[in-house]
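A short reminder: the numbers here are calculations on the coordinates, not readings from a lab. On a predicted model such as this, the values are computed, not experimentally measured, just so you know. No Cβ is skipped: glycine too gets one built from the backbone with ideal geometry, and neighbour counts run over all protein chains shown.
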């Protein structure tokens, strides 16, 4: 069971000054039309995207992997931040002491105006040299000819975390520290199946945080939270901002 309205306890925390950590997943971006790849129809050219998002796939066939990521970049560039993205940016701007840790790689949180963002799984808009390990931003959706190459001549790869790879140590450490400090943790649009990100709200609860989950359906995290708001992030997060005394702008 769950409610769609914030409780008095949640409203009190939102109107206070203690630290808030927000953890978002693919469900938030799905409302902007971006595929989650875990549900029905989550295929690309008849292939499971999870088969393409691995170091082994890139080593075996960088052309196909890059066509997949070029398509994802094009889709992300065409998408627009939805009310959930906008509400979180408004919450950070209006309340302060809000840190956003996201599993999403599309950049929609930043485009909505969020500034304090930890990219747990990297970004579609960063490229990494396979020889030197250096990274740089490239916001141009068109990277042709594919696969792109570094100035040194080596292949570039997407600056994202693939299956079988560890999350960026510094980013994960900062997120874990924020989870331990937070008085309130809001988990929105995530299946709570992907670790180590899924461990953050559990660690926060153990450290004394009030944990709230926003999701249309129950997840493995649901039995552990203090409050479950049943609905989509685009529906519920604007109510969260309003409960904090902030009126989010409507997406352009």
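The packing ranking, built from the mean of other Cβ atoms within 10 Å per residue, places the peptides 146-153, 49-56, 85-92 in the order 85-92, 49-56, 146-153, highest first. Only Cα pairs under 8 Å and 6+ residues apart enter the sum, and on that basis the relative contact order of the range 143-221 stands at 27 percent. Specify the angular offset, from 0 to 90 degrees and rounded to the nearest 10, of the alpha carbon long axis of helix 83-95 from the longest principal axis of the alpha carbons in the chain. Roughly 60 degrees, rounded to the nearest 10. Applying 0.36 nm per residue to the separation of residue 134 and residue 195 and subtracting their alpha-carbon distance, the gain on full extension is 19.4 nm.
Full-extension gain between residue 63 and residue 247, please, as 0.36 nm times their residue separation minus the C-alpha to C-alpha distance.
61.7 nm
Considered as an equivalent ellipsoid built on the Cα gyration tensor, the range 157-219 has semi-axes of 22, 16, 9 Å, the largest given first.
Cα centroids of the range 68-135 and the range 160-202: 15 Å apart. Report the calculated FRET efficiency for residue 56 and residue 8 (r = Cβ-Cβ distance, R0 = 45 Å), to the nearest 0.05. The formula returns an efficiency of 0.30 here. Histogrammed with a bin width of 10 Å, the alpha carbon distances of the chain distribute as 7, 31, 35, 19, 7, 1 percent, first bin at zero. Were the residues from residue 171 through residue 116 laid out at 0.36 nm apart, the gain over their Cα-Cα distance would be 18.6 nm.
Of all beta bridges that DSSP places with both ends in the range 145-252, some 10 percent have antiparallel geometry. Expressed in Å, the radius of gyration and Dmax of the Cα atoms of the range 1-142 are 17.5, 54. Each peptide among 106-119, 9-22 gets the average number of other Cβ atoms lying within 10 Å of its residues, and from highest to lowest they stand as 106-119, 9-22.
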